[in-house]
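The values are calculated or read from the model by the stated rules, or taken from the named source; none is laboratory data. What you are looking at is a predicted structure, and each value in this text was computed from that prediction instead of being measured. Backbone-built Cβ (ideal geometry, glycine too); neighbour counts: all protein chains shown.
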Amino acid sequence: MKFLNKNFEELETFAKSKKDEYIKGSPFPHIVIDNFFNDSMLNDILKEFPNDLDNIGYQYKTKVEQKKFTLNDTKLLSFNTNNFINFLNSQIFLEFLQTLTGINEKLQSDPYLQGGGLHELRNDGYLNIHADFNLHPTLKLDRRLNILIYLNKNWNTAFGGNLQLWNREMTKCEKRINPIFNRMVIFSTTDFSYHGNPDKIKCPDGQSRKSIAMYYYSNGRPSSERKLGAHSTIFRKRPGSNDPDGNIEFTKLFGKIYYRNKKKIN
């Protein structure tokens, strides 16, 4: 398959071999996999990554996230990017995720790419620690998995932008993941899977932190993963920081304020 590194083409075998590692991931189930995809294919996607997401996509501009841009409109994504996303939403990839994660409920992809697609953080950009919204606004399904695929070549740790995974008590960052090219992070999304990249990035002019984000759902979930009803993104304060805490800039479920083409919309 052209989407995968040839070392990972036996998806079911690989998923079974990594299931225990995924489930035992701390502070919540997760796994980091390097060079999983075909380098050439990701290079094509990177070359076609739009340089004007501030004009054609959404800009997140609140107290808890700055200089963050996203694009989930398939009409504006490149041919190669759309093909790759279709693969990530395909039955074969869903079955891989089902085996890897041990989730009992049938996983479903999101044709709307709600909150997903291409992501970019530019200099001084950040995303505070948070637990994601837990119910799809259109499909009304439970959000179960996040997948982040990084597209950053020659990314120096001094640039910042590490993905941080925090414990349930918000007392400690238990893991920092450098967002390097062809690195995939898969993790379970629950009401207390706190994560983010809260430190402002500082990279050379012409560079930015780029990724592809995909989310997966099911009809129902274990009660142990839920402590609240349906909610929007919940941001958490790091100890000793000035981070805001709570559903910042939300007036109702999924009522987040976005900025598109420099015009505020709900």
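The table below gives the values:
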| read-out | value |
| --- | --- |
| Filter result (in a strand (DSSP E or B) and over 17 Å from Tyr22 (Cβ atoms)) within the range 176-214 | Arg176, Gly196, Asn197, Arg209, Lys210, Ser211, Ile212, Ala213 |
| Meets criteria (in contact (Cβ under 8 Å) with a residue 40 or more places away in the chain, surrounded by fewer than 19 Cβ atoms within 10 Å (Cβ to Cβ) and within 24 Å of Pro27 (Cα to Cα)) for Leu145 | no |
| Residues (at pLDDT below 95 and polar (S, T, N, Q)) located in the range 137-154 | Thr138, Asn154 |
| Residue count, the range 162-190 (criterion: in contact with a Leu (Cβ under 8 Å, 6 or more places away or on another chain) and more than 24 Å from Ser40 (Cα to Cα)) | 8 |
| Failed condition for Ser40, given (1) more than 19 Å from the chain's Cα centre (by Cα); (2) surrounded by 13 or more Cβ atoms within 10 Å (Cβ to Cβ) | (2) |
| Among the candidates Asn242, Asn197, residue that is surrounded by fewer than 15 Cβ atoms within 10 Å (Cβ to Cβ) and of a type outside the set (Asp, Glu) | Asn242 |
| Unique residue being modelled with pLDDT under 95 and either surrounded by 15 or more Cβ atoms within 10 Å (Cβ to Cβ) or in contact with a strand residue (DSSP E or B) (Cβ under 6 Å, 6 or more places away or on another chain) (or both) when the list is Arg183, Arg209, Arg236, Arg176 | Arg236 |
| Test: residue in the range 48-56 that is in contact (Cβ under 8 Å) with a residue 40 or more places away in the chain and in contact with a His (Cβ under 8 Å, 6 or more places away or on another chain) | no |
| Selected residue (criterion: surrounded by the fewest Cβ atoms within 10 Å (Cβ to Cβ)) from residues of the range 1-37 that are β-branched (Val, Ile, Thr) and in contact (Cβ under 8 Å) with a residue 24 or more places away in the chain | Ile23 |
| So Asn152, is it closer than 18 Å to Met184 by Cβ and part of a loop (DSSP other than H, G, I, E, B) | yes |
| Residue among Asn134, Asn167 that is at pLDDT 95 or above, in contact with an Asp or Glu (Cβ under 8 Å, 6 or more places away or on another chain) and of a type in the set (S, T, N, Q) | Asn167 |
| Enumeration of residues in the range 20-54 that are aromatic (Phe, Trp, Tyr) and either under 25 Å from Ser193 (Cα atoms) or in contact with a Ser or Thr (Cβ under 9 Å, 6 or more places away or on another chain) (or both) | Tyr22, Phe28, Phe36, Phe49 |
